[in-house]
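Asker: Below is a structure I'd like to ask you about.
The values are calculated or read from the model by the stated rules, or taken from the named source; none is laboratory data. Computed from a predicted structure; not experimentally measured. Using ideal geometry, Cβ is built from the backbone for each residue, glycine included, and neighbour counts are taken over all protein chains shown.
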Amino acid sequence: MAAVTASQTAQTAAGGEAGPDAALQAAFDAAVAADERIEPRDWMPDAYRASLVRQMAQHAHSEIIGMQPEANWITRAPSLRRKAILMAKVQDEAGHGLYLYSAAETLGTGREELLDKLHAGRQRYSSIFNYPTLTWADVGAIGWLVDGAAITNQVPLCRCSYGPYARAMVRICKEESFHQRQGYELLLALSNGTPAQHEMAQDAVNRWWWPSLMMFGPPDDASAHSAQSMAWKIKRHSNDELRQRFVDICVPQAEALGLTLPDPDLRWNEERGRHDFGAIDWTEFQEVLKGNGPCNEQRLTQRRRAHEEGAWVREAAAAYARKHTPGADPAVRNGKATA
Ligand code: FAQ
């Protein structure tokens with residue numbers, strides 16, 4: 001909303017009949033309708049701000065908790081090449097978390113507060129990261145399916161109405177697309193390998209397929225936030241629409257991989273021009289959201305431990321920043337102060 005800041009609109013509105021709030025709301029609505037970006041300095045409704053913080057925090061938390069399942073395999077990667085790729089990928093996910101926490105901070109919510117809420121179990125992260133990585137093939141299945149689902153969901157977020165979130169997503173999507181390809185390439189190598197390797201790849205796909213479909217969220221008729229988020233152009237498509245898009249993308253890719261998607265009801269529907277697919281186990285999804293998935297406890301415990309063990313890094317970085325801040329107390333700059 002480049003042209004209208006909150007103070008400008010308030011001044012204009014002061015002389016009008018509708019009052020400042022109505023004028024600010026009208027300017028915001030007009031900016032959203034015109035597909036302009038809302039920027040941090042712009043006025044926005046409290047509920048829009050709160051919903052963005054909710055979604056962006058959940059997204060940021062997913063990126064950093066999402067490092068855990070694959071990081072389990074860094075020490076056991078089967079070659080130096082695979083290890084280097086996996087380390088780079090896991091590091092990218094940390095970077096995505098940082099972009100997203102920074103973007104959320106532009107809404108006035110500090111990352112310390114968001115992390116405290118995550119650690120206290122008061123904010124969510126994606127259900128998908130509560131499943132275990134049992135074999136090396138799971139690294140491939142995560143890249144192909146989990147990163148693939150993430151891209152399908154996140155490419156439309158590059159056009160999100162909130163500028164900092166949209167811009168963060170552009171960069172994230174470019175990196176996720178490499179992640180998806182590395183997973184696909186890994187699975188292809190296993191699928192074309194020995195019978196045992198092929199079976200390992202198939203087993204991983206069998207376990208990750210349904211949880212990947214759940215990543216898109218509850219069905220549209222049970223999605224509490226979709227209608228409002230779509231009206232605000234935070235979300236551009238509904239959960240079911242993106243899930244369908246993902247299924248349609250995956251079917252030919254699975255064929256090319258020589259792997260079977262574990263759904264007997266999956267078939268092309270000529271009339272709809274889309275694939276029909278089987279019923280998702282929403283009870284399992286709700287249980288995972290309640291904290292009862294196979295790895296919920298392990299993931300949060302590990303996250304809290306990593307945060308505690310990283311306290312000295314945060315303190316050192318803050319001390320370094322203070323020391324190099326122009327105008328800081330010279331004693332602090334010279335490292336003589338202990339505060
Ligand atoms: N897991 O009303 P809706 C990644 C919650 S990043 C957990 O439909 P909304 C990269 C939802 O928060 C993956 N909770 O909600 C990577 C809400 O709860 P609340 C993360 C879920 O926001 C790859 C309630 O259910 N991506 O994978 C889930 O309109 C590999 C009602 O749902 C993003 O976060 C779920 N799957 O739509 C990293 C993308 N689904 O807040 C490492 C951005 C729903 O009322 C390795 N987020 N819930 O307590 C979004 O697009 C949306 O937030 C949705 C949910 C689509 C996830």
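Asker: Could you list, in sequence order, the residues of region 67-81 that are in contact (Cβ under 8 Å) with a residue 40 or more places away in the chain and of a type in the set (A, V, I, L, M, F, W, C)?
Answerer: Correct list: Trp73, Ala77.
Asker: Moving to a separate point now. Going by the conditions given, is Glu185 modelled with pLDDT under 95 and out of contact with any Gly (no Cβ under 7 Å at 6 or more places or on another chain)?
Answerer: no
Asker: Do we have Arg207 as surrounded by fewer than 22 Cβ atoms within 10 Å (Cβ to Cβ), closer than 30 Å to Thr283 by Cβ, in contact (Cβ under 8 Å) with a residue 24 or more places away in the chain and within 13 Å of the ligand (Cβ to nearest atom) here?
Answerer: So Arg207 does not fit the description; no.
Asker: Something else: Looking only at region 208-238, which residues are over 23 Å from Ile38 (Cβ atoms) and assigned to a helix (DSSP H, G or I)?
Answerer: Trp208, Trp209, Trp210, Pro211, Ser212, Leu213, Met214, Asp220, Asp221, Ala222
Asker: Also, I was wondering about something else. Being assigned to a loop (DSSP other than H, G, I, E, B) and within 11 Å of the ligand (Cβ to nearest atom) is the filter here, so list the residues in region 97-131 that pass it.
Answerer: Within region 97-131, Arg122, Gln123, Arg124, Tyr125, Ser126 qualify.
Asker: Go through region 221-275 and report how many residues are out of contact with any helix residue (DSSP H, G or I) (no Cβ under 9 Å at 6 or more places or on another chain), surrounded by 14 or more Cβ atoms within 10 Å (Cβ to Cβ) and charged (D, E, K, R).
Answerer: Summing the residues that are out of contact with any helix residue (DSSP H, G or I) (no Cβ under 9 Å at 6 or more places or on another chain), surrounded by 14 or more Cβ atoms within 10 Å (Cβ to Cβ) and charged (D, E, K, R) in region 221-275 gives 1.
Asker: Consider only pairs whose beta carbons are under 8 Å apart and that are at least six residues apart or on different chains; among these, list those whose first residue lies in region 42-66 and is assigned to a loop (DSSP other than H, G, I, E, B) and at pLDDT 95 or above and whose second residue is hydrophobic (A, V, I, L, M, F, W, C) and near the ligand (Cβ under 8 Å from one of its atoms).
Answerer: Gly66/Ile128; Gly66/Phe129; Gly66/Val146
Asker: Testing Thr75 on (1) assigned to a loop (DSSP other than H, G, I, E, B); (2) more than 12 Å from the ligand (Cβ to nearest atom), one condition comes back false. Which one is that?
Answerer: (1)
Asker: Taking Leu261 as meeting all but one of (1) touching a Cys at 6+ places or on another chain (Cβ under 9 Å); (2) within 24 Å of Gln123 (Cβ to Cβ), write down the number of the exception.
Answerer: (2)
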